Amino acid sequence: MSVQSTSRRKTAPDIRARKQREPIVMLTSYHAHTAALVDRHCDVILVGDSLGNVMHGFETTVPVTLDMMILQGAAVMRGSRQALVVVDMPFGSYEASREQAFNSAVRIMKETQCGAVKLEGGVRMAETIAFLSGRGIPVMGHIGLTPQSINTLGSFRAQGRNEADWGPIEEDAKAVADAGAFSVVVEAVAEPLARKITETVAIPTIGIGASAACDGQVLVLEDMLGLSPRPPKFVRRYGNLGPAIEAAIEGYAADVRSRAFPGPEHVYEMKKGR
């Protein structure tokens, strides 16, 4: 008798089929409890290597390790039920060779039980994407601004703002699609270029700082909740939780110092004798 859950989680082919249909909703999550909240409203949950910035205070995503991604990916899977969970492959875990990428991706898929991985790069990673896709590993691509390449880019700046620079980015999008990726994140790319890419490639585009014409959108959860002190230009804040959290902590600290907490309702009395 099967012991599998009766609820059906979205898959990479489900997301692939959303091209030019209802927009794909995607947010990041790194914890079981936030995953449960995101899961109720989103099609895809990205366990992004942005956890390096959000959870660990790194200035870039470069220091993030494979073990860190697997730990948080497993937590998100435990907290979610219906969304496709995609786990980022961190810097240094896939660039050396197709075989290195495969071994890293297998660890992620086995140890988290997620539904797909994401890696950065277009033309230069097309062979690797094809290698993984052909061996049963769904791959989400990532082009435009690729944060793992910050040390060669020099800064987090928008891409394609001059039409003369469009060619390589368009080639990246085509290469990722042709290699077998089921979707592609388009980050910090000038709106007309992102729109053109969306109209051109056969797989769904998921924009972040790109175009409303993309087939879906993604944001870092902490950015849109108002927990990040300096969010990028492309973020719309749907909440302002930072001040609310600090106010709650301030109230708690004041009550502890004044001995107003814990109150009688928060402590355990002796059991009454029979």
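The values are calculated or read from the model by the stated rules, or taken from the named source; none is laboratory data. Treat the numbers as computed from the prediction; the structure is a model and nothing was measured. Cβ atoms come from the backbone with ideal geometry, glycine included; neighbour counts cover every protein chain shown. Surface accessibility is based on the protein's heavy atoms, side chains included, excluding ligands, DNA and RNA. Shrake-Rupley method; radii C 1.70, N 1.55, O 1.52, S 1.80 Å.
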- request: Check Ile70 against each of (1) within 26 Å of Ala188 (Cα to Cα); (2) open to solvent by less than 70 Å² (accessible area, probe 1.4 Å); (3) in contact with a strand residue (DSSP E or B) (Cβ under 9 Å, 6 or more places away or on another chain) and name the one condition it does not meet.
  value: (1)
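Being aliphatic (A, V, I, L, M) and surrounded by fewer than 15 Cβ atoms within 10 Å (Cβ to Cβ) is the filter; apply it to region 1-23 and report the residue that is modelled with the highest pLDDT.
That would be Ala17.
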Subset of region 119-176 (residues that are open to solvent by 80 Å² or more (accessible area, probe 1.4 Å) and under 16 Å from Ser104 (Cβ atoms)): Glu127, Arg135
field: Leading residue by the ranking (modelled with the highest pLDDT) among those in region 203-233 that are open to solvent by 40 Å² or more (accessible area, probe 1.4 Å) and touching an Asp or Glu at 6+ places or on another chain (Cβ under 9 Å)
entry: Ala212
query: So which pairs qualify, if the first residue must be in region 145-171 and modelled with pLDDT of 90 or more, the second must be in a helix (DSSP H, G or I) and open to solvent by less than 100 Å² (accessible area, probe 1.4 Å), the Cβ gap must be under 6 Å, and the two must be at least 6 apart or on different chains?
result: Trp166/Leu193; Glu171/Val123
